[in-house]
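Structure first, then comments.
The values are calculated or read from the model by the stated rules, or taken from the named source; none is laboratory data. What you see is a predicted model, and the numbers here were worked out from it, not measured in a lab. Reconstructed Cβ throughout: ideal geometry from the backbone, glycine too, with neighbour counts over all protein chains shown.
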Amino acid sequence: MTPVSASIGATVLGYPRIGPQRELKRALEDHWAGRITQDELHRVAADLRARTWRRLLDLGLDSVPSNTFSLYDQTLDAAALVGAVPERFATLGLDETATYFAMARGATAVAPLEMTKWFDTNYHYLVPEIGPQTTFRLAGDKPIAEYREARDQGIDTRPVLLGPATLLLLSKPSDDAPAGFRPIDRLDELVEIYVDLLGALAEAGASWVQLDEPAYVGDRSADEIAALRRAYDRLGGLTNRPKIFVASYFGDLGPALPALASAPVEALGVDLVAGSGATSLVDVAGLSEKTLVAGVVDGRNIWRSDLDAALAQLEQVRAVADDVAVSTSCSLLHVPYDVDGETKLDRRLKSWLAFAEQKVAEVATLARGLREGRGSITAALESTRAALADRAAAPGVVDERVRTRLGRVTSAELQRGDYATRRESQQAVLGLPPLPTTTIGSFPQTSDIRAARAAFTNGRIDEDEYTARMRAEIERVIRLQERLGLDVLVHGEPERNDMVQYFAEHFDGFAVTTNGWVQSYGSRCVRPPILFGDVSRPAPVTVDWATYAQSLTDRPVKGMLTGPVTILAWSFVRDDQPLGDTARQVALAIRDETVDLEQAGIRIIQVDEPALRELLPLRSADHDAYLTWSVDAFRLATSGVADSTQIHTHLCYSEFGDVVAAIDGLGADVTSIEAARSRMEILPDVAASGFARGIGPGVYDIHSPRVPDTDEIEVLLKAALEAVPADRLWANPDCGLKTRSYEQVEPALTAMVAAVHRVRP
Ligand code: GLN
Ligand code: ZN
């Protein structure tokens, strides 16, 4: 057994869990399809956990986290652990694991929990439902069992739990809760379950526990901060407990920092990458007596750390606290496993990168440098200095043509004609019925499509053969949509592996990885491209596919592009210039594409910005600056076309209160919004804001395999018609049909069209 370290030393806040070769993804999908049993799934999971703990230890960490593994989502784990299982799942009579998956994915006639983005990342968590009736109890033993499991392998780990305050702040009131009920009001009761949990962990032998409270890097009221303090006074006051490490990430703790610094906990974790740095820690009462876990290695991006700068920060932190531990800024969940897995990546670019494994090594190196002096890590310091210098001077990082062109953009280039005029000229061209039906762009990615793409990538089929297969698919999708009776068609995006990666592969300034997978939700992974240099579009990207699709039908086919903000949000972006500057470069590349699509006869162009809300800064004081550059980037991307060309946009997720003005500012003619899983809760916000252009709230949830029926969609459409008149309302599913099968999509769209016919005026 490894010695129990008195201090935290070198650590990470969390680690990827999907598996270096996506082993968990495969096992989950096999299990859901009935190909492997629950026991087999749990064996794959245990194996991944064991490999992770061992690897983290071997890479030199002093304190290895546990319970960072999850079969689906850590927030769902936390909710299940404290017994927050809504009635509709509890009454299914399923075993623990099956109930858990029902909460994540739904079951026959039972809707799953809502899913939304984890802070400002592209990871999704399941939103617990808490009401006055929720009975909290210690309903499982996952953290304790995983602690024991690691200990049996000789590794004394630090169990990681979602903190009680953040768990409730991330929850939503259950349907039966009275108006005004807030989950956080039940914190004192929930804390008693954590009392039991900490007792059980101490009993099992855990010397440390990590409680994550990232909700406090956002705006929080004085009473929410007081509640946090009460929670840690209670937990810290226990006599039988592990040492408590409260972790924060994704920004500064702000007014919650003094509250935690004076609470009776042993360690506090701060994000020195996203936050304002070590200076925010000076003169905070109580901090000097704690172990400060300094998150100096960026847990969310893939660039090698500037070790000199990180060490300088650590030295500043050491002036503030007696004991300093070195960590990542957040869990490494948000980066891929290992740069060495990238055999096809340009060697020079590769030398600038650090994925999870490399970041763990950086943490260990920094801890050593802090402990033994810079002289002990000279070679590492020199090698990172060389990599940083090489990156700054490399070709493609700065492209003067791009910079010159951007410098010449005028504000007139961000304007289109007024909406009334646009609407009239578009209607003259399109002649659509009220409440037009459409989809958000993709159709199921069948195994045939994937096989064709793989064969093309591996050179087993040539470009002509690949194009022929994709065209056949497009034709199939067009014919299907005509048969279903949809009004505005799409080509189905068969040629796209991913809505961001596809453009990254065709634009200059990006590189793509072969195995750089990051978990998005459950078994879904994404492979974010690396935006390393100035961005431009060497040649048209989508025009041939779109015009082919349009040639097959008289109905309008929507061109389909990804917007600049989303391209940034779902890529690993360069960290050497402001995000707004990078956004404008991407916007110009998209603008070139919209102009070419219009020229080629495409009358509707959708520019997806599903990530607009996701990048919104966590503190409201920072919102305006972000919304200004992000809205401008969208306008730059979409204002190069004539008034008669209809611009659509699509946004995911339902918390629109805070970005409604920005959505208006985008100026799109039609905006589709994901809404089905939250049962149209967004529409009152939209109506109240005075939003006066076309809107298409998603009428069925595609994240779940469940097929909706006509009655159910009719109810949602009627609710939508209460808030938006039929001449501005569109009917569409939520986004992402590509993740479903035709057996699910066809009946669902049939039901949608039938429901529209019932309510269309
Ligand atoms: N056009 C994309 C699709 O339908 C949009 C996906 C998204 O918004 N996430 O797949
Ligand atoms: Zn979406």
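Quick check on my filter: what residues within region 432-469 are within 16 Å of ligand 1 (Cβ to nearest atom), touching a residue at least 12 places away in the same chain (Cβ under 8 Å) and assigned to a helix (DSSP H, G or I)?
Going through region 432-469, the residues within 16 Å of ligand 1 (Cβ to nearest atom) turn out to be 437-446, 449-450, 453.
Adding the requirement that they be touching a residue at least 12 places away in the same chain (Cβ under 8 Å) leaves 437-446, 449, 453.
Correct list: ILE449, ARG453.
For every residue, the table says whether it meets (1) of a type in the set (Phe, Trp, Tyr); (2) surrounded by fewer than 24 Cβ atoms within 10 Å (Cβ to Cβ).
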{"position": "ARG230", "(1), (2)": "no, yes"}
{"position": "GLY237", "(1), (2)": "no, yes"}
{"position": "ASP252", "(1), (2)": "no, yes"}
{"position": "GLY295", "(1), (2)": "no, no"}
{"position": "TRP303", "(1), (2)": "yes, yes"}
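What are the residues in region 706-749 that are among the β-branched types (Val, Ile, Thr) and within 16 Å of ligand 1 (Cβ to nearest atom), if any? Before you say what the answer is, go through the steps one by one.
Going through region 706-749, the residues among the β-branched types (Val, Ile, Thr) turn out to be 707, 710, 713, 715, 724, 739, 745.
Passing the criteria: THR739, VAL745.
Could you list, in sequence order, the residues of region 221-250 that are under 20 Å from ALA285 (Cα atoms) and in a loop (DSSP other than H, G, I, E, B)?
Scanning region 221-250 gives GLY237, SER248.
Among the residues of region 215-229, are any within 24 Å of ALA79 (Cα to Cα), of a type in the set (Gly, Ala, Ser) and touching a strand residue (DSSP E or B) at 6+ places or on another chain (Cβ under 6 Å)? Break it down into steps so the answer makes sense when it comes.
Applying the first criterion (within 24 Å of ALA79 (Cα to Cα)) to region 215-229 yields 215-221, 223-229.
Next, from what is left, pick out any that are of a type in the set (Gly, Ala, Ser): 215, 218, 221, 226-227.
Then drop every residue that is not touching a strand residue (DSSP E or B) at 6+ places or on another chain (Cβ under 6 Å), which leaves none.
Within region 215-229 (the criterion being within 24 Å of ALA79 (Cα to Cα), of a type in the set (Gly, Ala, Ser) and touching a strand residue (DSSP E or B) at 6+ places or on another chain (Cβ under 6 Å)), the answer is no, since none of the residues qualifies.
Tally time: how many residues in region 58-94 are outside any loop (DSSP other than H, G, I, E, B) and of a type outside the set (Phe, Trp, Tyr)? Steps first, answer last, please.
Our first condition is that a residue be outside any loop (DSSP other than H, G, I, E, B); within region 58-94, this holds for 58, 63-66, 74-81, 87-90.
Going one step further and asking which of them are of a type outside the set (Phe, Trp, Tyr), we end up with 58, 63-66, 74-81, 87-88, 90.
Total meeting the criteria: 16.
In this structure, does ARG401 turn out to be touching a residue at least 24 places away in the same chain (Cβ under 8 Å) and surrounded by 11 or more Cβ atoms within 10 Å (Cβ to Cβ)? Lay out the reasoning, then the answer.
Numbers: touching a residue at least 24 places away in the same chain (Cβ under 8 Å): yes; surrounded by 11 or more Cβ atoms within 10 Å (Cβ to Cβ): no.
For ARG401, the condition - touching a residue at least 24 places away in the same chain (Cβ under 8 Å) and surrounded by 11 or more Cβ atoms within 10 Å (Cβ to Cβ) - is not met.
So if I check each of ARG17, ARG43, which one is assigned to a loop (DSSP other than H, G, I, E, B) and of a type in the set (D, E, K, R)?
On the way: ARG43 fails: assigned to a loop (DSSP other than H, G, I, E, B).
From the options ARG17, ARG43, the qualifying one is ARG17.
Consider ASP685 carefully, then state whether it is away from ligand 1 (no atom under 16 Å from the Cβ) and either within 26 Å of the chain's Cα centre (by Cα) or surrounded by fewer than 21 Cβ atoms within 10 Å (Cβ to Cβ) (or both).
yes
Does region 436-456 contain at least one residue that is surrounded by 12 or more Cβ atoms within 10 Å (Cβ to Cβ), within 16 Å of ligand 2 (Cβ to nearest atom) and on the phi > 0 side of the Ramachandran plot?
yes
Being in contact (Cβ under 8 Å) with a residue 40 or more places away in the chain, under 21 Å from GLY341 (Cα atoms) and either touching a Phe, Trp or Tyr at 6+ places or on another chain (Cβ under 7 Å) or surrounded by fewer than 15 Cβ atoms within 10 Å (Cβ to Cβ) (or both): is that true of ARG49 here?
Yes: the conditions hold for ARG49.
Determine the pairs where a residue that is of a type in the set (Asp, Glu), located within region 56-85, has a partner that is in a helix (DSSP H, G or I) with Cβ atoms under 9 Å apart, the partner being 6 or more residues away or on another chain.
From region 56-85, the pairs are ASP62/ALA364; ASP62/ALA367; ASP73/ALA104; ASP77/TYR100; ASP77/LYS142; ASP77/PRO143.
Residue-wise test of (1) under 28 Å from ASP399 (Cβ atoms); (2) within 16 Å of ligand 1 (Cβ to nearest atom); (3) of a type in the set (Gly, Ala, Ser); (4) at pLDDT below 95.
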{"position": "GLN585", "(1), (2), (3), (4)": "yes, no, no, no"}
{"position": "LEU588", "(1), (2), (3), (4)": "yes, no, no, no"}
{"position": "VAL595", "(1), (2), (3), (4)": "yes, no, no, no"}
{"position": "GLU598", "(1), (2), (3), (4)": "yes, no, no, no"}
{"position": "ILE604", "(1), (2), (3), (4)": "no, yes, no, no"}
{"position": "GLU614", "(1), (2), (3), (4)": "yes, yes, no, yes"}
{"position": "PRO617", "(1), (2), (3), (4)": "no, no, no, yes"}
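Do you know which of the residues in region 734-752 that are hydroxyl-bearing (Ser, Thr, Tyr) and over 19 Å from GLY485 (Cβ atoms) is nearest to ligand 2 (Cβ to nearest atom)? Spell out the reasoning first.
Within region 734-752, the subset hydroxyl-bearing (Ser, Thr, Tyr) is 739, 741-742, 750.
Imposing the further condition that a residue be over 19 Å from GLY485 (Cβ atoms) reduces the set to 739, 741.
Working: THR739: 11, SER741: 19 Å.
Among residues in region 734-752 that are hydroxyl-bearing (Ser, Thr, Tyr) and over 19 Å from GLY485 (Cβ atoms), the one nearest to ligand 2 (Cβ to nearest atom) is THR739.
Among (1) modelled with pLDDT of 95 or more; (2) assigned to a helix (DSSP H, G or I); (3) over 28 Å from ASP669 (Cβ atoms), which single condition is LEU480 missing?
That leaves (3) as the condition not met.
Out of everything in region 413-431 that is in contact with a helix residue (DSSP H, G or I) (Cβ under 9 Å, 6 or more places away or on another chain) and outside any loop (DSSP other than H, G, I, E, B), what residue ends up being surrounded by the fewest Cβ atoms within 10 Å (Cβ to Cβ)?
The initial filter retains those residues of region 413-431 that are in contact with a helix residue (DSSP H, G or I) (Cβ under 9 Å, 6 or more places away or on another chain), namely 413-417.
Right, trim to outside any loop (DSSP other than H, G, I, E, B) and you get 413-414.
Values: GLU413: 13, LEU414: 19.
Step by step, filter region 413-431, then rank; the result is GLU413.
Please go through region 565-596 and pick out each residue that is within 16 Å of ligand 2 (Cβ to nearest atom) and either more than 19 Å from PRO528 (Cα to Cα) or not small (Gly, Ala, Ser) (or both).
Correct list: VAL565, THR566, ILE567, TRP570.
Within region 2-46, restricting attention to residues that are of a type in the set (S, T, N, Q) and modelled with pLDDT under 95, which residue is surrounded by the fewest Cβ atoms within 10 Å (Cβ to Cβ)? Write out each step before concluding.
Narrowing region 2-46 to residues of a type in the set (S, T, N, Q): 2, 5, 7, 11, 21, 37-38.
Restricting the remaining residues to those that are modelled with pLDDT under 95 gives 2, 5, 7.
Values: THR2: 14, SER5: 18, SER7: 17.
Among those that are of a type in the set (S, T, N, Q) and modelled with pLDDT under 95, it is THR2.
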